[in-house]
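Below: one structure, written as structure tokens.
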């Protein structure tokens, strides 16, 4: 889930967000769902709008875009274009 990472040493989920080119630590939580909810709250606070939800695949999240670009680059390399 966006805005969450597992902290191995603490055995908790970390919520963080990037704003104005800076990473802001939100907190540590027992569940990934709770960490993601806190991320969405912070997103609303910082950006003044709700965190976008996927609707009919119309929103391209960073990880989804990165995956598409990686696949595209792999194809280009296989065809000797990269």
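Computed from the coordinates by the stated procedures, all read-outs in this text should not be read as laboratory data. Being a predicted model, the structure only gives us computed values, none of them experimental. In this analysis, Cβ positions are derived from the backbone assuming ideal geometry, glycine residues included, and neighbour counts consider all displayed protein chains.
Tabulated values for the structure
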{"item": "Dmax and Rg, reported as Rg then Dmax, of the stretch 1-51 (C-alpha, Å)", "result": "10.6, 33"}
{"item": "Residue 11-residue 28 pseudo-label distance in nm [points 7 Å out on the Cα-to-Cβ vector]", "result": "1.1"}
